[in-house]
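Comments concern the structure below.
The values are calculated or read from the model by the stated rules, or taken from the named source; none is laboratory data. Treat the numbers as computed from the prediction; the structure is a model and nothing was measured. FYI the Cβ positions are ideal-geometry reconstructions off the backbone, even for glycines, and counts take in every protein chain you see. In case anyone asks, the SASA skips ligands and DNA or RNA and just uses the protein heavy atoms, side chains included. Shrake-Rupley method; radii C 1.70, N 1.55, O 1.52, S 1.80 Å.
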Amino acid sequence: MLAAVIPCLGQSLPVDKDKAFGLPTAPIRLDVFSDFSCPVCRSFHMEIFPQLERDYGPGKIYIVTHEFPLNIPAHKYSREAAAYATAAARIGKYDAVADKLFQTQAEWTVSGKVWDTVATALTPAEQKKVLALSKEPAAPGEVESDVALGNSLGVNSTPTVFLSKGMRRFAIPNPMNYPLFRSLIDGLK
């Protein structure tokens, strides 16, 4: 089955530890390029992530999230959402904000009320911190760094997942087919 994926060799990809699950020493690593406005990314986040966490736990798999807001009209609020989520990561609230953005995707992608959505996942004190951090150049800059990284790897749709073990890295063609995805992960052990 590994013949179905595209092998890539090279150095390890950068990690934002605040947007990662598991231990960096885990034998398997997944790098996920995602867009908060993408319905398939929503499904991946809400259906596949929990299965990965359940089946592999933090010691067996390391999952690193990279922002990849698509530059298309239907995703006009994606960069804003990514900047808020990245700012929230600085205070340890990435998962809460990402969960809220994906859970309420149908609302804020239409209304444009991204901040109103993000704020519901935070306390008032956290809201002040995230809002301030999102206005500094660092958060949008980190999003742009993720986009540049994705572009350098040939990412052109979301979600795009890279499966790595050691120096071997493979792009996963259909991360939504969990039995196939799991067999690819298990095939690298």
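If you check I91 against the conditions, is it in contact with a strand residue (DSSP E or B) (Cβ under 6 Å, 6 or more places away or on another chain) and within 29 Å of L23 (Cα to Cα)?
Working: in contact with a strand residue (DSSP E or B) (Cβ under 6 Å, 6 or more places away or on another chain): no; within 29 Å of L23 (Cα to Cα): yes.
The answer is no for I91.
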Scan of the stretch 44-76 for residues that are crowded, with 21+ Cβ neighbours inside 10 Å and not hydrophobic (A, V, I, L, M, F, W, C), ordered by number:
H45, Y56, Y62, T65, H66, E67, P69
Restricting the stretch 172-185 to residues that are open to solvent by 20 Å² or more (accessible area, probe 1.4 Å) and in contact with a strand residue (DSSP E or B) (Cβ under 9 Å, 6 or more places away or on another chain), the one nearest to D16 (Cα to Cα) turns out to be P173
The listed residue being open to solvent by less than 20 Å² (accessible area, probe 1.4 Å), without any contact (Cβ under 8 Å) to a residue 40 or more places away in the chain and closer than 24 Å to H75 by Cα, out of A148, A119, A139, A106:
A119
Suppose we filter the stretch 34-43 for residues that are more than 23 Å from K135 (Cα to Cα) and crowded, with 22+ Cβ neighbours inside 10 Å; how many remain?
2
E126 vs. criteria over 27 Å from Y178 (Cα atoms) and open to solvent by 10 Å² or more (accessible area, probe 1.4 Å):
yes
Can you work out which of the residues in the stretch 56-74 that are out of contact with any helix residue (DSSP H, G or I) (no Cβ under 8 Å at 6 or more places or on another chain), under 25 Å from L163 (Cα atoms) and part of a helix (DSSP H, G or I) is modelled with the highest pLDDT?
K60
